[in-house]
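What follows is a short report on a single structure.
The values are calculated or read from the model by the stated rules, or taken from the named source; none is laboratory data. What you see is a predicted model; the values in this text were computed from it and never measured. Virtual Cβ from ideal backbone geometry, glycine too; neighbours counted across all protein chains shown.
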Amino acid sequence: MIQLTERLQKIADSIQSGESVADIGSDHGYIPVYLYENGISDKIIVTDIRKDPLDIAKNNIYTRIARAGKLDFRMGNGLYVLRYEEVDAVIIAGMGGILIKDILSTDKKKSLSFNKLILQPRNAQDKLRQWLVENGFKIQDEKLAREGKYICEIIIAVPGTDHHYKDIYYEIGYKLIEKKDPLLKTFILRKIEIERKILKDTKNKDSEKAASQYEYSRNRIQKLEEVLKYVHSC
């Protein structure tokens, strides 16, 4: 049986037994292997925009699963390869937040036709959350996962309305705070550390840009520390 990294395991754990799945930009195909081997899903669509990565995923899957013919491999861009309501859950992981947003916004009606989106942006998480909330999605759950020196964010979104997300909660997910994710304190402290380095670098620079950046980072630290204080008090 395949062993997943913590990040991939938490993504896979977001799929319920019996749900059909599309893994967009599947990379090495490890999540489809796990879902199939463990009997979680028997309808899995594996996609990539380019032939070579899709062939790598296909080879990895065929190496591990004797009956991988039941899996559906498709080459194409984003959600173009899927029909409306074709699967229960769509996974888009390991891409930039702006790219994920662009994939979803290309056909918003199609994006809303799936029961659940499992998204793992590498960056621009705040912009992705804001787009989701402003375009008919509710953030149902969030998770943090370690991968090497990084702490990765996983966002589970469903069609609906969400009133919890605004301002700093676009960056520090409200659900992470609500559920007291065990990695949350470390996650926030790392962000504060980054902003303090920026303060140090811009403090004595005599330029309008540096002054603006200094003030922006100072305000961000204040907001992050307020969230951290709340987390500590829980």
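The set of residues in the range 127-169 that are at pLDDT 95 or above and part of a helix (DSSP H, G or I) comprises Lys127, Leu128, Arg129, Gln130, Trp131, Leu132, Val133, Glu134. Of the candidates Lys191, Lys197, Lys185, the single residue that is basic (Lys, Arg), over 25 Å from Asp88 (Cα atoms) and exposed (fewer than 13 other Cβ atoms within 10 Å of the Cβ) is Lys197.
Among the residues of the range 111-128, those that are of a type in the set (Lys, Arg) and in contact (Cβ under 8 Å) with a residue 40 or more places away in the chain comprise Lys116, Lys127.
Residue-wise test of (1) touching an Asp or Glu at 6+ places or on another chain (Cβ under 6 Å); (2) surrounded by 18 or more Cβ atoms within 10 Å (Cβ to Cβ); (3) touching a residue at least 60 places away in the same chain (Cβ under 8 Å).
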position: Gln3; (1), (2), (3): no, no, no
position: Arg7; (1), (2), (3): yes, yes, yes
position: Ile11; (1), (2), (3): no, yes, yes
position: Ile15; (1), (2), (3): no, yes, yes
position: Glu19; (1), (2), (3): yes, no, yes
position: Asp23; (1), (2), (3): no, yes, yes
position: His28; (1), (2), (3): no, no, no
position: Pro32; (1), (2), (3): yes, yes, no
position: Gly39; (1), (2), (3): no, no, no
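Would you confirm, using the coordinates I've provided, whether Lys223 is surrounded by 13 or more Cβ atoms within 10 Å (Cβ to Cβ), more than 23 Å from Lys10 (Cβ to Cβ) and basic (Lys, Arg)?
Working: surrounded by 13 or more Cβ atoms within 10 Å (Cβ to Cβ): yes; more than 23 Å from Lys10 (Cβ to Cβ): yes; basic (Lys, Arg): yes.
Judged against the criteria, Lys223 is a match.
Report, by residue number, each residue of the range 103-128 that is among the small types (Gly, Ala, Ser) and surrounded by fewer than 22 Cβ atoms within 10 Å (Cβ to Cβ). Within the range 103-128, Ser105, Ser113, Ala124 meet the criteria. Looking across the range 54-75, the residues that are in contact with a Ser or Thr (Cβ under 8 Å, 6 or more places away or on another chain) and closer than 17 Å to Gly94 by Cα come down to Leu54, Ala57. Determine which single condition Val46 fails, assuming it passes every other condition in (1) surrounded by fewer than 22 Cβ atoms within 10 Å (Cβ to Cβ); (2) touching a Phe, Trp or Tyr at 6+ places or on another chain (Cβ under 9 Å); (3) closer than 23 Å to Lys110 by Cα. Checking Val46 against (1) surrounded by fewer than 22 Cβ atoms within 10 Å (Cβ to Cβ); (2) touching a Phe, Trp or Tyr at 6+ places or on another chain (Cβ under 9 Å); (3) closer than 23 Å to Lys110 by Cα, the one that fails is (1).
Among the residues of the range 129-151, those identified as surrounded by 21 or more Cβ atoms within 10 Å (Cβ to Cβ) and closer than 15 Å to Ser14 by Cα are Ile139, Glu142, Lys143.
Taking the stated definitions as given, is Leu176 touching a Cys at 6+ places or on another chain (Cβ under 8 Å) and either surrounded by 13 or more Cβ atoms within 10 Å (Cβ to Cβ) or under 30 Å from Leu4 (Cα atoms) (or both)? In short, no. Taking Asp206, is it modelled with pLDDT under 90 and either in the same structural domain as Asn135 (by TED's automatic domain parsing) or on the phi > 0 side of the Ramachandran plot (or both)? In short, no.
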